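One structure is given below, encoded as structure tokens.
The values are calculated or read from the model by the stated rules, or taken from the named source; none is laboratory data. Computed from a predicted model, the values in this text were never measured in an experiment. For neighbour counting, all protein chains shown are included, and Cβ atoms are generated from backbone atoms with ideal geometry for every residue, glycine included.
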Amino acid sequence: MAFGIIGKKVGMSQLFREDGTLCPVTVIEAGPCVVLQKKTVETDGYSAVQLGFDPKKSERVNKPMTGHCAKAGKGAFYQLKEFRIDNAGEYQVGQEINVGEFQEGELVKVSGTTKGKGFQGVIKRHGYHGGRNTHGSRFHRRPGSLGPSTSPSHVLKGVKLPGQCGNVTQTMQNLKVMAVDQANNLIYLKGAVPGPSEGVVFIRKIAKKGK
């Protein structure tokens with residue numbers, strides 16, 4: 001599998017392409033991340049690398065986590081994430097991973113936690129059309145009839161209803177890398193990614209077919 005990196009969403013901006021067209025981009029502070037642990041098929045049954053991101057003060061770290069991060073020699077971190085890769089043995093504990101792993105023009109997938117919007121109705125949560133906004137109407141933002149006719153005369157399983165909206169893990173596929181700023185650890189991705197500003201996201205390379 002392809003490798004990835006941990007980042008923090010800075011916000012959205014715009015970039016001009018070479019042909020003069022304007023492209024909306026999301027700016028992400030990606031890394032530097034530190035390899036805290038590597039797992040191999042021989043020792044763990046699968047191949048993976050655990051990364052740490054966003055340094056944490058030593059007085060805020062408990063003893064188990066301090067011992068876990070001690071081998072890397074780079075302190076502890078707020079964010080830990082494991083990425084499965086085929087060549088985990090090529091990486092060393094304590095090694096830094098930065099945005100230099102990504103190149104302009106390649107495609108990535110980004111996972112994050114969407115904004116939580118609390119309990120919402122069907123129009124905001126599922127995009128229902130709603131009723132007519134005419135004079136005398138009492139059917140503006142209601143879901144309408146949920147149990148069709150006399151058969152089956154009950155609400156079917158899976159019907160979209162009001163409830164908790166947002167605050168779920170979402171992955172955006174095939175986002176194009178528009179620019180990479182290694183000096184400031186920034187990566188510019190075309191379009192939007194899940195989550196609010198300052199939200200943590202996980203960027204993964206998309207494995208090419210046949211590899």
*Across the stretch 25-37, what is the total count of residues that are assigned to a strand (DSSP E or B) and under 28 Å from LYS176 (Cα atoms)?*
9
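Quickly run through the stretch 196-205 and pick out the residues that are closer than 14 Å to ILE6 by Cα and either modelled with pLDDT of 90 or more or of a type in the set (S, T, N, Q) (or both).
Hits for the stretch 196-205 are GLU198, GLY199, VAL200, VAL201, PHE202, ILE203, ARG204.
If only one of GLY118, GLY127 is without any contact (Cβ under 8 Å) to a residue 24 or more places away in the chain and loosely packed, with under 12 Cβ neighbours inside 10 Å, which one is it?
Only one candidate passes the filter, namely GLY127.
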*Going through the stretch 96-125 one residue at a time, which ones are more than 22 Å from LEU161 (Cα to Cα), of a type in the set (A, V, I, L, M) and assigned to a helix (DSSP H, G or I)?*
VAL99
*Collect the residues in the stretch 87-101 that are modelled with pLDDT of 85 or more and of a type in the set (A, V, I, L, M), keeping them in residue-number order.*
VAL93, ILE97, VAL99
_The one condition in (1) β-branched (Val, Ile, Thr); (2) in a loop (DSSP other than H, G, I, E, B); (3) under 30 Å from GLU18 (Cβ atoms) that VAL93 fails to fulfil_ = (3)
*Check whether at least one residue in the stretch 134-146 is on the phi < 0 side of the Ramachandran plot, within 27 Å of the chain's Cα centre (by Cα) and either hydrophobic (A, V, I, L, M, F, W, C) or exposed (fewer than 10 other Cβ atoms within 10 Å of the Cβ) (or both), and report yes or no.*
no
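Conditions tested, residue by residue: (1) of a type in the set (S, T, N, Q); (2) in a loop (DSSP other than H, G, I, E, B).
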residue: ARG141; (1), (2): no, yes
residue: PRO148; (1), (2): no, yes
residue: GLN170; (1), (2): yes, no
residue: GLN173; (1), (2): yes, no
residue: VAL177; (1), (2): no, no
residue: ALA192; (1), (2): no, yes
residue: VAL201; (1), (2): no, no
residue: ARG204; (1), (2): no, no
*Could you count how many residues in the stretch 43-81 are outside any strand (DSSP E or B), surrounded by fewer than 16 Cβ atoms within 10 Å (Cβ to Cβ) and touching a residue at least 24 places away in the same chain (Cβ under 8 Å)?*
2
*Hey, among VAL10, VAL27, VAL34, VAL49, which residue is under 20 Å from ASN174 (Cβ atoms), out of contact with any Pro (no Cβ under 7 Å at 6 or more places or on another chain) and modelled with pLDDT of 90 or more?*
VAL27
*Considering only residues that are farther than 13 Å from PHE202 by Cβ and among the hydrophobic types (A, V, I, L, M, F, W, C), look in the stretch 82-101 and name the one that is surrounded by the most Cβ atoms within 10 Å (Cβ to Cβ).*
VAL99
*LEU161 is checked against (1) out of contact with any Cys (no Cβ under 8 Å at 6 or more places or on another chain); (2) buried (at least 16 other Cβ atoms within 10 Å of the Cβ); (3) of a type in the set (A, V, I, L, M) and fails just one. What number does that condition carry?*
(2)
